[in-house]
Number of protein chains: 2
Amino acid sequence: MLTDKESTPESTFDPVPEAKRLLRCSRVATLATLAEPEGFPFASLVNVATAPDGSLILLLSRLAGHTRHLDADPRMSLLLYSAINRPSKGDPLAHSRLTILGKAKRATDAIEEMLRTRFLARHPKSSIYADFVDFGFFHVTIEAAHLNGGFGRAANISAEKLLTPVGDADDLTAEEPDLLAKITEKEPDFAHDLAQANGGASEKAWRAVGFDPEGLDIGNEERLIRIPFADRVTTEKELRTQIAALLAKARKPS
Amino acid sequence: MLTDKESTPESTFDPVPEAKRLLRCSRVATLATLAEPEGFPFASLVNVATAPDGSLILLLSRLAGHTRHLDADPRMSLLLYSAINRPSKGDPLAHSRLTILGKAKRATDAIEEMLRTRFLARHPKSSIYADFVDFGFFHVTIEAAHLNGGFGRAANISAEKLLTPVGDADDLTAEEPDLLAKITEKEPDFAHDLAQANGGASEKAWRAVGFDPEGLDIGNEERLIRIPFADRVTTEKELRTQIAALLAKARKPS
């Protein structure tokens with residue numbers, strides 16, 4: 001699908017971790033859909049969240065144009081852009097952004113509760129309207145991605161490289177809210193301390209909003225921080241070990 | 001093209017001035033194009049500027065996917081979003097954004113110099129690469145627009161309402177750089193003083209970057225401010241009268 005020639009490999013530029021960071025930290029994105037008639041492209045703004053595997057979640061209203069477009073043709077693109085999610089200075093084209101190509105379809109009953117839990121953990125204010133009759137969750141499967149890491153730094157990234165395998169971690173991710181509650185009960189400041197050590201120093205009200213085999217997502221009302229694990233986790237014990245290691249590092253006097 | 005039903009008229013919500021403000025103040029936007037094969041939507045980031053009539057200007061590299069898409073099919077959409085252009089707090093969906101539908105085509109010789117002058121006045125740093133052989137200016141004609149002014153505030157806006165008639169002001173706009181230089185020579189602080197009075201108080205290095213019959217654009221390296229005229233201008237005398245009136249208001253002790 002992506003036949004771009006603009007990839008310019010640089011020894012110092014590692015596109016996959018940056019693409020994963022944008023995928024996991026973005027709370028808002030631009031959505032491109034196909035409008036009637038005859039597939040005119042249509043750009044709009046949406047809130048986004050990730051499922052454990054990194055596939056995306058949208059909460060859309062039937063009253064909005066993009067929702068009707070997706071019901072008619074699920075093909076879409078999302079631009080995840082650090083400066084929308086985290087204001088920054090300078091030329092916007094110097095900052096990294098990730099184009100996702102994929103399909104967005106209404107949630108099936110089998111996964112709706114997971115999508116809802118993950119989305120509302122990342123967008124707590126959306127609980128005000130998430131249950132309105134016209135709103136519904138959409139699940140975005142990713143087919144291809146393109147990272148533009150700033151001038152001269154571009155790379156196509158396969159869905160396989162961007163996504164996180166979760167087949168061996170179903171038991172773990174199914175218990176996500178309970179496990180986070182248990183860890184927080186034992187270590188009430190852990191999300192705050194991890195945020196302080198990972199670029200969230202001057203902000204408050206951090207909480208753990210989710211995890212997957214590759215990392216932990218810390219959030220507050222306006223921002224997400226991604227903290228990758230050193231080793232992949234598929235059990236509660238491994239999860240606790242990784243979080244303990246991150247905490248030890250965060251709390252170590254510098 | 002837009003058959004959206006979400007328009008919810010409110011007596012206090014005037015969509016056209018807000019749409020014009022987003023159109024004129026945006027320096028960066030998300031572009032939706034149609035990728036091969038079979039018109040998959042593709043979202044990417046671009047810098048934008050306006051021609052005097054409000055039609056848009058892009059500076060694109062032949063090496064980028066979106067440029068190849070537009071050369072094959074000029075249909076596109078642009079999302080102009082205040083929070084990309086001006087960081088703001090709170091739920092991004094509460095802030096206004098404008099979806100433009102139209103066509104982007106390579107500049108013809110007849111208008112390339114105008115597009116270049118307007119674009120580089122708004123993006124001075126782009127002069128570094130504007131003349132690279134792979135870069136070219138594109139002119140975006142607007143066919144329809146949709147303003148989402150935040151929850152429950154949406155309106156379709158015709159191209160006619162969004163654009164600025166300029167047919168009677170060709171002589172004036174053709175002299176834009178010279179006229180701005182003359183006004184600045186006489187009143188070196190005028191852009192700075194207008195910026196201070198129009199929301200640019202704490203920032204420096206403001207300059208007048210352009211005008212059209214409906215208003216003046218003030219800019220610095222990171223931001224544009226739109227200052228509408230009280231009355232439409234089509235002559236140098238009317239332009240000077242409107243700017244003098246804005247300056248008198250800006251400098252009036254409060």
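No value in this document is a laboratory result; all are computed from the given coordinates. None of the values given here were measured: they were computed from a predicted structure. No Cβ is skipped: glycine too gets one built from the backbone with ideal geometry, and neighbour counts run over all protein chains shown.
Based on Cα contacts under 8 Å between residues 6+ apart, the range A:169-246 shows a relative contact order of 26 percent. In chain A, Cα pairs under 8 Å separated by at least six residues give a relative contact order of 20 percent. Normalised by the number of residues in the range A:15-163, what is the relative contact order in percent for Cα pairs under 8 Å and 6+ residues apart? This gives 28 percent for the range A:15-163.
Between the range A:47-65 and the range B:221-244, the alpha-carbon centres lie 42 Å apart.
If you take the beta carbon distance between B:Ser158 and A:Thr117 as r and set R0 to 51 Å, what does 1/(1 + (r/R0)^6) give as a FRET efficiency, to the nearest 0.05? It would help to have the intermediate numbers written out before the result.
Details: r = 42 Å, r/R0 = 0.83.
The pair B:Ser158/A:Thr117 has a calculated efficiency of 0.75.
Take the alpha-carbon centre of the range A:104-162, take the same for the range B:101-161, and report the distance between them in whole Å. First find each Cα centre; the distance between them is then 30 Å.
What is the mean number of Cβ atoms from other protein chains located within 10 Å of the Cβ atom of each residue in peptide B:124-131, rounded to a whole number? Walk me through the numbers on the way to the answer.
Working: counts 0, 4, 2, 0, 2, 2, 0, 0.
Across B:124-131, the average partner-chain Cβ count within 10 Å equals 1.
For a modelled paramagnetic label at B:Lys182, 7 Å from Cα along Cα-to-Cβ, the residues of the range B:41-69 in reach, with backbone nitrogen under 20 Å, are B:52. For B:Lys125, the aspartates and glutamates whose Cα comes closer than 15 Å to its Cα, not counting residues fewer than 8 places off in the same chain, are A:Asp91, B:Glu221, B:Glu222. For the protein assembly as shown, the extents of the C-alpha atoms along the principal axes are 77, 53, 52 Å, listed from largest to smallest.
Calculated mean residue ellipticity at 222 nm for chain B: -9000 deg cm²/dmol, from DSSP H runs with n ≥ 4 weighted as -39500 (n - 2.57), summed, divided by the residue count and rounded to 500. In terms of Cα atoms, the Rg and Dmax of the range A:15-163 work out to 15.0, 46 Å. Inter-chain neighbour count for A:63-70: the average number of beta-carbon atoms from partner chains within 10 Å of each residue's beta-carbon is 4. Among the residues of A:43-54, the average count of other protein chain beta-carbon atoms within 10 Å of the residue beta-carbon is 4. Compared with the alpha-carbon gap, the fully stretched path from B:Val16 to B:Lys249 is longer by 81.5 nm at 0.36 nm per residue. For A:Glu112, inter-copy separations between label points set 7 Å beyond Cα along the Cβ vector come to 5.7 nm, shortest first.
Scoring B:136-143, B:243-250, A:44-51 by mean Cβ neighbours within 10 Å over their residues and listing the highest first yields A:44-51, B:136-143, B:243-250. Here the Debye sum runs over all C-alpha atoms of the range B:91-206 as equal scatterers in vacuum, and log10 of I(q)/I(0) at q = 0.10, 0.16, 0.20, 0.22 Å⁻¹ comes out as -0.49, -1.20, -1.28, -1.24.
The alpha carbon convex hull volume per residue for the range B:169-248 rounds to 82 Å³. Going through the cross-link list A:Lys204/A:Lys249; A:Lys186/A:Lys252; B:Lys20/B:Lys182; A:Lys182/B:Lys89, which pairs have a Cα-Cα distance over 22 Å in this structure? Violating the 22 Å limit, Cα to Cα: B:Lys20/B:Lys182; A:Lys182/B:Lys89. Each copy carries a label point for B:Pro188 at 7 Å from Cα along the beta-carbon vector; from one copy to the others these points are 6.0 nm apart, nearest first.
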